[in-house]
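Remarks on the structure that follows.
The values are calculated or read from the model by the stated rules, or taken from the named source; none is laboratory data. Given the structure is predicted, the values throughout are model-derived calculations rather than measurements. Every residue, glycine as well, gets a Cβ built from its backbone with ideal geometry; the counts of neighbours run over all protein chains shown.
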């Protein structure tokens, strides 16, 4: 099974350069998240009045910002925080969605109706507006951006999990497992949940890009991460005023990093969708 | 209009009601969780515990939550969304003043997105699996990956700073133009109605860059849906028949296939429009666009929470109502839905 899957994956990647590129970009950023702080040539927090707003040069590849901090170091170091927020948020929505959706699909009845109602309500807001409202309500912290991003994505996972569990609840192999003496929990966790995982993993990779974007957007408008912490959204926001006077580098490089990371995860997610379910490609 | 049609539309409206109720409940919960005790704010300098308690009592904040909720919805039904501390005006009046600016921006952005993405989607479907298909996929994915605030900044740098084609990226009109008397609040429409083409041009020049940065994000969903709908239409029997009958390919493609693919694309446009209302917050901030989003953001920075709550509520309600409107349009346009209902 695993051999045929990897063979299949290679086949899809080879015939699909876009997905391959996505996988490479994601791998690159994952690596940067781990080794970024060691690669950074300068201290990302060290300010220097003498080095204020230097354009990109051999000494400072990405230039320096208003207080003379090295942009390359800041962009590199920020990778871990940005990816960390997105991954934590996605894991949270994945877990919560699996539990809620699984319960709704398996138990049916009022649990199903209640979960459905919550999903409908959460989806009745423009995602970013709801995320903004949640962070404003819970308070301005990194933990709360993670929660807000997780909550606005929750319905997507809960729906997939519910549908996958519900559609197989009466299937032959589930009946067989039950007749073989497995308890309710055993059937659910050993036979139904594993079948729900592939489509949920696709959702994860599609969502990671959105989660990165959502968290950086919240920071951009001043919610969540606070300066002087290096984070892509804040750095773009700090560089925004300088663009009008022609100092483009302070906003360009963090923005490019953000864009490239989101692009990579979106390409990969698209490709994974083809891999797991070729019929669903639209 | 046949009664069955009215029945279907009535059902759609009824189905939207619990969602609207959910929106109100969520906004209420957010209201009660928000930091910044409004009573403490009003107490101001008289910062004694007794004064705070007294104001809390006067504002009904010491009542049990269900009663508070009752007060909340009674207020809502009278159009009371609270008052903004920072501007001193009722939140509803502020929102209504600024909503046209946001809607105009989103409308132009989605129009731009559709004008570019629909042909791209058709191209991708016609050349399914070919390099054009791949290219469209990469282009639209790049568009959806662009943070709108970042693309906005880069457009400003390119077209305002470097090329000097665009006017100063601040607000809906440059300093030399005067806003026309308000008719609809949509500057482009108002100026056209008044025949004031000079101001119309000024307003159009201001809206191009923000609409472009917001519109790039809408390319992917529109192009994807167009491609999918076209593929479904192109593989159906009536197309095979039309081709076999020897109709010119152009006519088969546009008259037969595209017309049948239009409905799902319209649904997507409705979704994209409401989704872009949320994304507009970021673009409004970058371009100092005087819409509801920048109003909510300014208030948020001054710890003035009533406008933020009003913003979340108004956009939630708008989102539900817009999607309901698209749903109803589809019922009217598509005879198949009527048969199913």
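Which residues, taken from the range B:279-293, are crowded, with 24+ Cβ neighbours inside 10 Å, in a helix (DSSP H, G or I) and in contact (Cβ under 8 Å) with a residue 40 or more places away in the chain? If you could, list the steps in order and put the result at the bottom.
Looking only at the range B:279-293, we keep the residues that are crowded, with 24+ Cβ neighbours inside 10 Å, and these are B:279-284, B:286-287, B:289, B:291-293.
Among the residues that remain, those that are also in a helix (DSSP H, G or I) are: B:279-284, B:286, B:292-293.
Across the range B:279-293, the qualifying residues are B:279, B:280, B:282, B:283, B:284, B:286, B:292, B:293.
I'd like to verify a number: residues in the range A:180-213 that are buried (at least 23 other Cβ atoms within 10 Å of the Cβ) and more than 22 Å from residue A:163 (Cα to Cα), how many?
Going through the range A:180-213 one residue at a time, the tally reaches 5.
Let me confirm something: among B:321, B:314, which residue is within 14 Å of the chain's Cα centre (by Cα) and over 28 Å from residue B:85 (Cβ atoms)? So that I can check it myself, show each step before the final result.
Details: B:314 fails: over 28 Å from residue B:85 (Cβ atoms).
None of the others qualify; the one that does is B:321.
Any residue that is touching a strand residue (DSSP E or B) at 6+ places or on another chain (Cβ under 9 Å), more than 15 Å from residue B:214 (Cα to Cα) and more than 8 Å from chain A (Cβ to nearest Cβ) - is there at least one of those in the range B:298-306?
Yes; the residues of the range B:298-306 include at least one that is touching a strand residue (DSSP E or B) at 6+ places or on another chain (Cβ under 9 Å), more than 15 Å from residue B:214 (Cα to Cα) and more than 8 Å from chain A (Cβ to nearest Cβ).
Look through A:82, A:70 and report the one residue that is closer than 30 Å to residue A:249 by Cβ and modelled with pLDDT under 85.
A:70
In the range B:123-144, what count of residues is obtained for those that are in contact with a helix residue (DSSP H, G or I) (Cβ under 8 Å, 6 or more places away or on another chain) and within 14 Å of chain A (Cβ to nearest Cβ)?
Of the residues in that region, 15 qualify.
Tell me which residues, restricted to the range A:39-67, are under 12 Å from residue A:79 (Cβ atoms) and part of a helix (DSSP H, G or I).
Correct list: A:39 only.
Every residue in the range A:132-149 that is in a helix (DSSP H, G or I) and within 10 Å of another protein chain (Cβ to nearest Cβ), please.
Of everything in the range A:132-149, those that are in a helix (DSSP H, G or I) and within 10 Å of another protein chain (Cβ to nearest Cβ) turn out to be A:132, A:133, A:134, A:135, A:136, A:137, A:138.
Suppose the filter is surrounded by 21 or more Cβ atoms within 10 Å (Cβ to Cβ), within 14 Å of chain B (Cβ to nearest Cβ) and assigned to a helix (DSSP H, G or I); does residue A:89 pass it?
No; evaluated as a whole, the condition is false for this residue.
Looking only at residues in the range B:145-158 that are without any contact (Cβ under 8 Å) to a residue 60 or more places away in the chain and more than 8 Å from every other protein chain (Cβ to nearest Cβ), which one is surrounded by the fewest Cβ atoms within 10 Å (Cβ to Cβ)?
Checked the range B:145-158; the qualifying residue surrounded by the fewest Cβ atoms within 10 Å (Cβ to Cβ) is B:158.
Being touching a residue at least 24 places away in the same chain (Cβ under 8 Å) and not in a loop (DSSP other than H, G, I, E, B): is that true of residue B:67 here?
no
On the basis of being without any contact (Cβ under 8 Å) to a residue 40 or more places away in the chain, under 23 Å from the mean Cα position of the chain (by Cα) and more than 14 Å from residue B:221 (Cβ to Cβ), does residue B:119 make the cut?
Answer is yes for this residue.
Looking at B:219, B:209 in this structure, which one is under 18 Å from the mean Cα position of the chain (by Cα) and under 17 Å from residue B:123 (Cα atoms)?
B:219
Can you tell me which residue within the range A:223-238, out of those that are farther than 17 Å from residue A:79 by Cβ, in contact (Cβ under 8 Å) with a residue 40 or more places away in the chain and crowded, with 18+ Cβ neighbours inside 10 Å, is nearest to the other protein chains (Cβ to nearest Cβ)?
A:223
Got a sec? Which of A:213, A:275, A:268 is more than 12 Å from every other protein chain (Cβ to nearest Cβ) and part of a helix (DSSP H, G or I)? So that I can check it myself, show each step before the final result.
Details: A:213 fails: more than 12 Å from every other protein chain (Cβ to nearest Cβ); A:268 fails: more than 12 Å from every other protein chain (Cβ to nearest Cβ).
Going through A:213, A:275, A:268 in turn, just one is more than 12 Å from every other protein chain (Cβ to nearest Cβ) and part of a helix (DSSP H, G or I): A:275.
In the range B:124-144, which residues are touching a residue at least 24 places away in the same chain (Cβ under 8 Å) and assigned to a loop (DSSP other than H, G, I, E, B)?
B:128
Restricting attention to the range A:245-258, report how many residues are over 17 Å from residue A:220 (Cα atoms) and more than 7 Å from chain B (Cβ to nearest Cβ). Walk me through how you get there before you give the answer.
To start, the set of residues in the range A:245-258 that are over 17 Å from residue A:220 (Cα atoms) comprises A:245-247.
After this cut, where a residue has to be more than 7 Å from chain B (Cβ to nearest Cβ) as well, the list is A:245, A:247.
Qualifying residue count for the region: 2.
Every residue in the range A:170-184 that is over 37 Å from the mean Cα position of the chain (by Cα) and over 15 Å from residue A:195 (Cβ atoms), please.
A:179, A:180, A:181
Name every residue in the range B:159-172 that is part of a helix (DSSP H, G or I) and more than 9 Å from chain A (Cβ to nearest Cβ), in order of residue number.
B:159
Pick out the one residue from A:129, A:152, A:165, A:111 that is over 20 Å from residue B:318 (Cβ atoms), crowded, with 20+ Cβ neighbours inside 10 Å and either in contact with a helix residue (DSSP H, G or I) (Cβ under 9 Å, 6 or more places away or on another chain) or within 14 Å of chain B (Cβ to nearest Cβ) (or both). Explain how you work it out, then say what you get.
Working: A:129 fails: over 20 Å from residue B:318 (Cβ atoms); A:152 fails: over 20 Å from residue B:318 (Cβ atoms); A:111 fails: crowded, with 20+ Cβ neighbours inside 10 Å.
Answer to the selection: A:165.
Checking residue A:37 against (1) out of contact with any strand residue (DSSP E or B) (no Cβ under 7 Å at 6 or more places or on another chain); (2) closer than 19 Å to residue A:248 by Cα; (3) in contact (Cβ under 8 Å) with a residue 24 or more places away in the chain, which single condition isn't satisfied?
(2)
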